[in-house]
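Structure record follows, encoded as structure tokens.
The values are calculated or read from the model by the stated rules, or taken from the named source; none is laboratory data. All values derive from a computational prediction rather than experimental measurement. In this analysis, Cβ positions are derived from the backbone assuming ideal geometry, glycine residues included, and neighbour counts consider all displayed protein chains.
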Amino acid sequence: MSTPIAVGLSAVIVAATGKAPSALETRDQDGATGLPHGRFDPKGHRTFELGLRAWVRAQTGFEPGYVEQLYTFGDLGRELPQAELGDAPAGARLISVGYLGLTPEQTDISAFDAVWRDWYDHFPWEDHRKGRPVIIDEAIAPVLWQWAENAGKDASSRRSRIQIAFGLDGQPWIEERTLERYELMYEAGLAPEAARDGRRRAPPLPVSALGEPMISDHRRILATAIGRLRGKIKYRPVVFELMPERFTLFELQQVVESLLGLPLHKQNFRRSLDRSGLVIGLGLFSQTTGGRPAELFRFRREAMAEGHATGVQTPRA
């Protein structure tokens, strides 16, 4: 007898400020958080995207604007514990289609059991704006190294993966490798979800170092979205979907830094914007900077029609 299949839809909705990027999350009766999600109804939903938008509205009250398909998740075992999918057949293999959505503001969702949450609550080792987090070298890396040493003939392969993912032993930190880092922690039993799924014993480190878990494999989906967005802002101007209609260059830089988890070189960042043709000054000035008034800019959407489809450059400080 063939295994039934259920198609789920999951949404990573991101809003960003200079302080932190936030993801829109739902909460269950126990207070555990997850992404807005639900089952695709082939009779009631004309497309996957329309079905996704309906679930997001129903669970959070948020009306999605910009969305794009992120990835299809179908690994064996991801359905245990299964995210609530209504009338999904018992024992069904869960295939989830993930979407990434961007919004320029955190809308009021107080009427729903939902919350905007700093994505670094789930991935504290990913924020390097104030320097490399000490939890990497003092807490995470030692456990990963021990896990590699216990692998026998696979020890060398594991060590290489750890070095590349976490920027160890002279390797650079590559911000887009968010998913690889989370996957390593899951395999090594560091992610609380691994113990929950019966794959590993309880992790040896506190949640403050390991990040807040999420239901099902939603933290894996969120990690995929973070890596995708960090890479995409460099070659497509999607960061402006997160900005208000008017902004200062400092505010734009802060949002880019919050997404990447890295500090940027101010002068080089602004020079690259001047060359890109993506922004234009309005001749108006912000009085809220606390110092010298800063000029307000807008995104030149017409630049897309002119062939300026590049993203923003991200020169590190």
Positions within the range 260-317 being farther than 25 Å from E126 by Cα, among the aromatic types (F, W, Y) and without any contact (Cβ under 8 Å) to a residue 60 or more places away in the chain, in sequence order: F285, F297
In the range 163-181, is there at least one residue being of a type in the set (K, R), under 20 Å from E126 (Cβ atoms), surrounded by 18 or more Cβ atoms within 10 Å (Cβ to Cβ) and modelled with pLDDT of 95 or more? yes
Among the listed residues P237, P244, identify the single one that is touching a residue at least 24 places away in the same chain (Cβ under 8 Å), surrounded by fewer than 16 Cβ atoms within 10 Å (Cβ to Cβ) and not basic (K, R). P244
Among the residues of the range 24-69 satisfying the criterion of being surrounded by fewer than 17 Cβ atoms within 10 Å (Cβ to Cβ) and among the polar types (S, T, N, Q), which is farthest from V7 (Cα to Cα)? Q29
Which members of the range 253-294 meet the condition of being of a type in the set (A, V, I, L, M), in contact with a Leu (Cβ under 8 Å, 6 or more places away or on another chain) and within 16 Å of T17 (Cβ to Cβ)? V255, V256, L259
For residues in the range 173-197 being in contact (Cβ under 8 Å) with a residue 12 or more places away in the chain and among the small types (G, A, S), which is farthest from S216 (Cα to Cα)? A188
Given the options L9, L52, name the one that is outside the structural domain of E251 (by TED's automatic domain parsing), in a helix (DSSP H, G or I) and more than 14 Å from A114 (Cβ to Cβ). L52
Any residue in the range 258-270 that is modelled with pLDDT of 90 or more, assigned to a strand (DSSP E or B) and closer than 30 Å to D137 by Cα? yes
So which residues in the range 233-255 are part of a loop (DSSP other than H, G, I, E, B) and out of contact with any helix residue (DSSP H, G or I) (no Cβ under 6 Å at 6 or more places or on another chain)? K234, Y235, R236, M243, P244, E245, R246, T248
Of all the residues that make up the range 171-202, how many are within 21 Å of L264 (Cα to Cα) and part of a loop (DSSP other than H, G, I, E, B)? 7
Tell me, yes or no, whether the range 127-143 has at least one residue that is at positive phi, at pLDDT 95 or above, more than 18 Å from the chain's Cα centre (by Cα) and outside the structural domain of K19 (by TED's automatic domain parsing). yes
Which listed residue, of W147, W116, is surrounded by 13 or more Cβ atoms within 10 Å (Cβ to Cβ), closer than 24 Å to V256 by Cβ and of a type outside the set (A, V, I, L, M): W116
Of the numbered conditions (1) more than 14 Å from the chain's Cα centre (by Cα); (2) touching a residue at least 24 places away in the same chain (Cβ under 8 Å), L222 fails exactly one; give the number of that condition. (1)
Residues in the range 203-232 that are in contact with a strand residue (DSSP E or B) (Cβ under 6 Å, 6 or more places away or on another chain) and in a loop (DSSP other than H, G, I, E, B) total 2
